[in-house]
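Chemist: Could you have a look at this structure, given as structure tokens, before my questions?
The values are calculated or read from the model by the stated rules, or taken from the named source; none is laboratory data. On a predicted model such as this, the values are computed, not experimentally measured, just so you know. Positions of Cβ are backbone-derived with ideal geometry, glycine not excepted, and every protein chain shown enters the neighbour counts.
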């Protein structure tokens, strides 16, 4: 199984990157969806505060790779051979996916101001209600290890000035190079 793991700070463009592969037939698994579903299951509104708290509780209850373990079940039942995982936050999660297949770790990067702007434009229900909440979310992500994941990525792609189309093309090129390198 080929697994492309997408990481990046909130609002960096992970979903755009993952959707680029999904549009080419890859099974897309969104780690945030697993957290939002668990938040609802616990009777809470899946806003930024609650999803962040539930993520931390899951990690405390089940370990650092808790969300990856839940996603692995989704992947197994799908039967897909090409999977893109949107939302990697720790190396323990990457290692969990490596047990299931060959992994390419891609980090999407954008500045704090660019990410905040993109989050506000996206207008999803869990968008930060203020810049301070956005900064607090950044710190929570850093606290769970996302900085290490970004630093150890196989590929880093900038979304600082990219259009959604150019970001998507860059991700597809990175995956194509990975497949060519390994003779796939």
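Chemist: Taking interchain pairs and intrachain pairs at least six residues apart, which have beta carbon atoms under 6 angstrom, with the first residue in the range 1-18 and on the phi > 0 side of the Ramachandran plot and in contact (Cβ under 8 Å) with a residue 12 or more places away in the chain and the second assigned to a helix (DSSP H, G or I) and surrounded by fewer than 24 Cβ atoms within 10 Å (Cβ to Cβ)?
Modeler: Short answer, once both residue conditions are applied: 11/115; 11/118; 11/119; 13/167.
Chemist: Out of the residues in the range 54-73 that are under 17 Å from the mean Cα position of the chain (by Cα) and assigned to a loop (DSSP other than H, G, I, E, B), state the one that is modelled with the lowest pLDDT.
Modeler: Result: 64.
Chemist: Of all helices (runs of 4 or more DSSP H) completely enclosed by the range 74-154, which ones contain at least 2 residues that are under 22 Å from residue 28 (Cβ atoms) and out of contact with any helix residue (DSSP H, G or I) (no Cβ under 7 Å at 6 or more places or on another chain)? Talk me through it step by step, then tell me what you get.
Modeler: Numbers: elements: 91-98, 112-122, 131-143, 146-151.
In the range 74-154, 91-98, 112-122, 146-151 are the helices (runs of 4 or more DSSP H) which contain 2 or more residues that are under 22 Å from residue 28 (Cβ atoms) and out of contact with any helix residue (DSSP H, G or I) (no Cβ under 7 Å at 6 or more places or on another chain).
Per-residue answers, yes or no, for (1) modelled with pLDDT under 95; (2) touching a strand residue (DSSP E or B) at 6+ places or on another chain (Cβ under 8 Å):
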{"site": "115", "(1), (2)": "no, no"}
{"site": "141", "(1), (2)": "yes, no"}
{"site": "153", "(1), (2)": "no, yes"}
{"site": "158", "(1), (2)": "no, yes"}
{"site": "161", "(1), (2)": "no, no"}
{"site": "184", "(1), (2)": "yes, yes"}
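Chemist: Looking at the range 62-75, is at least one residue crowded, with 22+ Cβ neighbours inside 10 Å, within 22 Å of residue 182 (Cα to Cα) and in contact (Cβ under 8 Å) with a residue 12 or more places away in the chain?
Modeler: No, the range 62-75 has no match at all.
Chemist: I'm checking my understanding of the structure. Among residues of the range 118-133 that are surrounded by fewer than 20 Cβ atoms within 10 Å (Cβ to Cβ) and in contact (Cβ under 8 Å) with a residue 40 or more places away in the chain, which one is farthest from the chain's Cα centre (by Cα)? Before the answer, list the steps.
Modeler: Quick first cut of the range 118-133, residues surrounded by fewer than 20 Cβ atoms within 10 Å (Cβ to Cβ) only: 118-125, 127, 129-133.
From what's left, in contact (Cβ under 8 Å) with a residue 40 or more places away in the chain: 118-119, 122, 125, 127, 129, 133.
Details: 118: 16, 119: 14, 122: 16, 125: 17, 127: 16, 129: 21, 133: 19 Å.
Top of the filtered list is 129.
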